[in-house]
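Here, each number is a calculation from the coordinates, and none is a lab measurement. The structure displayed is predicted, hence computed values, not measured ones. Using ideal geometry, Cβ is built from the backbone for each residue, glycine included, and neighbour counts are taken over all protein chains shown.
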């Protein structure tokens with residue numbers, strides 16, 4: 001099962017910036033589920049010895065307590081859409097593509113392993129990217145560098161500073 005994971009929210013997530021950014025020179029993109037699925041298009045051909053699903057599938061990752069909750073055994077996809085409750089802050093959408101290893105006779109081949117641990121899937125970047133943000137604390141020169149990079153790929157977007165760098169508004173007392 002190949003998976004691509006996305007945060008779903010109307011707002012940026014401070015914990016996700018902290019966990020995944022690696023430095024103050026990071027970038028996040030904003031898209032929609034519709035744009036993502038359109039940008040993915042049809043799945044590419046499977047690698048030799050594998051049979052792939054006809055379409056990408058998507059769903060929110062449900063958070064469960066592995067000590068008490070059970071994943072129903074009647075749906076082989078469900079384990080790929082479950083995660084520990086400790087990660088519920090991620091509000092994760094998963095897009096998956098099933099590629100099954102098969103023998104020459106068409107039956108499942110438990111011994112066959114993929115040639116690579118993941119797959120590069122081409123996307124329509126002009127469709128996918130709705131807007132872009134530089135990480136909290138990023139310098140103005142980093143934002144300008146990302147703006148130039150985005151423009152060099154023909155995207156007409158204004159790169160914004162993370163909303164987490166915006167000062168709060170205060171209302172005076174009357």
Among the residues of region 21-38, write down those that are under 20 Å from residue 159 (Cα atoms) and over 12 Å from the mean Cα position of the chain (by Cα). 21, 22, 23, 24, 25, 26, 27, 35
Subset tally (residues that are touching a residue at least 24 places away in the same chain (Cβ under 8 Å) and surrounded by fewer than 13 Cβ atoms within 10 Å (Cβ to Cβ)) for region 132-149: 1
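For (1) more than 24 Å from residue 117 (Cβ to Cβ); (2) in contact with a helix residue (DSSP H, G or I) (Cβ under 8 Å, 6 or more places away or on another chain); (3) touching a residue at least 40 places away in the same chain (Cβ under 8 Å), each residue gets a yes or a no:
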site	(1), (2), (3)
2	no, no, yes
17	yes, yes, yes
24	yes, yes, yes
32	yes, no, yes
39	no, yes, yes
42	no, no, no
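Conditions tested, residue by residue: (1) out of contact with any strand residue (DSSP E or B) (no Cβ under 9 Å at 6 or more places or on another chain); (2) in a strand (DSSP E or B); (3) without any contact (Cβ under 8 Å) to a residue 24 or more places away in the chain; (4) closer than 28 Å to residue 16 by Cβ.
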| position | (1), (2), (3), (4) |
| --- | --- |
| 67 | yes, no, yes, yes |
| 74 | yes, no, yes, no |
| 87 | no, no, no, yes |
| 94 | no, yes, no, yes |
| 101 | no, yes, no, no |
| 105 | yes, no, yes, no |
| 115 | yes, no, no, no |
Filter region 121-137 down to the residues that are out of contact with any strand residue (DSSP E or B) (no Cβ under 9 Å at 6 or more places or on another chain) and assigned to a loop (DSSP other than H, G, I, E, B), then identify the one that is nearest to residue 99 (Cα to Cα). 122
